[in-house]
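The values are calculated or read from the model by the stated rules, or taken from the named source; none is laboratory data. The structure presented is a predicted model; accordingly, all values stated were derived computationally and were not measured. Because the Cβ atoms are built from the backbone with ideal geometry, glycine has one as well, and the counts that use them run over all protein chains shown. Accessible surface areas use protein heavy atoms only, side chains included; no ligands, DNA or RNA. Shrake-Rupley method; radii C 1.70, N 1.55, O 1.52, S 1.80 Å.
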Amino acid sequence: MQALLRVMAWAIAFSAALLAVAPAAAATPVVAFIDVTVLPMDRERVLAGQTVIVSDGRISEMGPARRVRVPSGAVRVEGKGRYLMPGLAEMHGHLPSPQVPEPLARDLLFLFVANGVTTVRGMLGYPNSVELRERAARAEFIAPTLYVASPGFSGQTATSAAESVRRVREYKAAGFDLLKMHEGLTREVYDAVTDTAHEVGIPFGGHVADKVGLMHAFEKRQKSIDHLDGYLEALGLDDSPFRDADSATRARKAVELVDEKRIPELARRARAVGAWNVPTLALWQTFFGGEPAEAFLGWPELKYVPKSMVDQWAQARKNQIANFPPAEEGRRVLGVRDRVLKALVDAGAGVVLGSDAPQIFSVPGFSIIHREIPAMVRAGLTPYQVLRSGTYSVAEYFGTLDRSGTVAVGRQADLLLLEADPLKDLGNLSRRAGVMVRGRWLPETEIQERLQAIAAANLTR
């Protein structure tokens, strides 16, 4: 996992806030989605022939089209033959740093929204990330609703228990939404961080360090296990003489010692302790699938990030490929991860949608729609289970079901309007008629114009 940490280190440059003071956003008009089929996402059902009224950034009225009166002057959006659902989430994202030029930073945030991703949990923060979150909430620029993790606790940045305790209290006071756990932590430091986090009331999530282990992370009630970290090791390695071996030996032995009969037990344990899981399956396909960097360079979404970033990703992939198992072993790793995810869902454990973007070949928004969601389907999840992981379950994770995660009166108007039913085919998520973020309606024509401008700008970045 230390090799993985090095692969992902570039994302630190994309982890915090960004923008100069912008003028306050103008009031959004009332919008009416008329005669639309609604996917409420509170359970697996559809409501046909609905009219949904949005005002002041929230759903103010919803009901059968024949009964709901559209307010005079409202923006009318034709819904017949279309499907309205909650916006999706990226639960392991990264936010632009102060080093990113402002125009590029705005574009990276827009890419999420352009794909219907209206909530992002930024998983590595800087002191000014909290300000970014608040400015996004005020709609000073087009961006998802942001939740921001603290600067990371890793083996390099958190070597003293006492200093780490001080940092926990500092980050809580600063208003971060959670603490980011990274690789390399000793159990002593991890325990000091997590005990203090429980004391002051701030959740913690992210990686599972080798010296911590999944079962101990469960015991400490780590809120999210990102990348399914620690599961492979818990299926055999952590009970073997190789537990404390060097990282290369651990990686090799973890594959050799996997006992898949233990997967249901781990899934039940995850549910019992309330651990949420962020799979990032597609990113692991990039790492373990055995394909050379050149195999990814033809992906069409790469035009929406600067060529310099793509070049950096390609070089990182080439530099790190020797640190990952051979292709055959890598495919076994991917198969085990798929079966772990399926078992977690079957056991009723918490699973939320995340792809780790921007990251190596994971373009914001596009990686959710075109990479992560198909990977979850290949792992055996149903369309509803996948959609739930990006909507209702996200609100469960944040404790915001009273104001997000579903299409219902009183909920924040983060919505995705589609030309076809995603419950029948998740490919329909790319057939957008438009996106609404905090009550602001962005028709698909406007989204495409902005995307074209972004692609053009990237030719010189």
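Taking amide hydrogens as modeled 1.01 Å from N in the peptide plane, which residues meet the under 5 Å criterion relative to H94, leaving out close sequence neighbours?
M123, A357
Each residue of region 141-149 in turn: what ³J(HN,Hα) in whole Hz from Karplus with 6.51, -1.76, 1.60 and θ = phi - 60°, glycine and Pro shown as x?
So the J values, rounded to whole Hz, are 7, 6, 7, x, 5, 10, 10, 10, 7.
Using only the alpha-carbon atoms of region 94-222, report the extent along each of the three principal axes, biggest first, to the nearest angstrom.
42, 26, 25
How large is ³J(HN,Hα), in whole Hz, for each residue of region 108-123 in order, when computed from phi with the Karplus curve 6.51 cos²θ - 1.76 cosθ + 1.60 and θ = phi - 60°, using x for Gly and Pro?
4, 5, 5, 4, 4, 4, 4, 9, x, 8, 10, 9, 9, 9, x, 9
Taking only Cα atoms, what is the 0 to 90° angle, nearest 10, from helix 161-174's long axis to the longest principal axis of the chain?
The angle comes out at about 0 degrees.
Largest first and in whole Å, give the semi-axes of the chain's equivalent ellipsoid, each being the square root of 5 times a Cα gyration tensor eigenvalue.
On the way: eigenvalues 256, 110, 102 Å².
Computed over the chain, the values are 36, 23, 23 Å.
List, in order, the whole-Hz ³J(HN,Hα) value for each residue of region 446-461 obtained from phi through the Karplus relation with A = 6.51, B = -1.76, C = 1.60 and θ = phi - 60°; use x for Gly and Pro.
Listing the rounded values in order: 5, 4, 5, 4, 5, 5, 5, 5, 5, 4, 5, 5, 5, 5, 10, 8 Hz.
Once you sort the root eigenvalues of the Cα gyration tensor of region 232-369 as a ≥ b ≥ c, which label holds: rounded (a/c under 1.5), prolate (a/b larger than b/c) or oblate (the other case)? If you can, show how the numbers build up before the last one.
Working: a/c = 2.58, a/b = 1.42, b/c = 1.81.
The shape class here is oblate.
Just order 391-404, 299-312, 361-374, 206-219 by mean Cβ neighbour count inside 10 Å, highest at the front, would you? Don't skip to the end; give the middle numbers.
Working: 391-404: 19.1, 299-312: 17.1, 361-374: 25.4, 206-219: 22.4.
Final packing ranking: 361-374, 206-219, 391-404, 299-312.
Need the C-alpha centroid separation for region 413-437 versus region 258-333, integer Å.
What the calculation gives is 26 Å, centre to centre.
Averaging sequence separations of C-alpha pairs under 8 Å and six or more residues apart, then dividing by the length of the chain, give the relative contact order as a whole percent.
20 percent
Just the accessible area per residue of the chain, please: how many Å² with a 1.4 Å probe? Mind dumping the intermediate values first?
Working: 17690 Å² over 461 residues.
Here the per-residue accessible area is 38 Å².
Could you order peptides 109-115, 337-343 by the average number of other Cβ atoms within 10 Å of their residues, highest first? Before the final figure, lay out the partial values.
Values: 109-115: 25.6, 337-343: 20.7.
Ranked from most to least packed, the peptides come out as 109-115, 337-343.
What FRET efficiency comes out for the pair E419/A162, r = Cβ-Cβ distance, R0 = 41 Å, nearest 0.05? Present the calculation step by step, with values, prior to reporting the outcome.
Details: r = 57 Å, r/R0 = 1.39.
Computed FRET efficiency for E419 and A162: 0.10.
I'd like the projected area of region 194-293, averaged over all directions, using the convex hull of its alpha carbons. Report it in nm² with one decimal.
Values: hull surface 29.5 nm².
With the hull built on Cα positions only, its mean projection is 7.4 nm².
Heavy atoms only, probe 1.4 Å: what % of the accessible area of region 29-167 goes to carbon and sulfur, would you let me know?
Numbers: 2650 of 5220 Å².
The value for region 29-167 is 51 percent carbon and sulfur by accessible area.
Within the set of other residues whose C-beta is less than 15 Å from the C-beta of R66, count the net charge using Lys and Arg as +1 and Asp and Glu as -1.
Working: positive: R67, R69, K80; negative: D35, E61.
That works out to +1.
In degrees from 0 to 90, rounded to the nearest 10, what is the angle of the helix 247-256 Cα long axis to the longest principal axis of the chain?
The angle comes out near 80 degrees.
Past 22 Å, Cα to Cα, is the threshold; run K180/K342; K180/K307; K220/K253; K223/K342; K220/K261 against it and keep the listed order. Don't jump to the answer; show the numbers that get you there.
Numbers: K180/K342 25 Å; K180/K307 29 Å; K220/K253 26 Å; K223/K342 19 Å; K220/K261 25 Å.
Violating the 22 Å Cα-Cα cut-off are K180/K342; K180/K307; K220/K253; K220/K261.
Please give me the summed charge of the neighbours of V208: other residues whose Cβ is under 11 Å from its Cβ, Lys and Arg +1, Asp and Glu -1.
Local net charge: -4.
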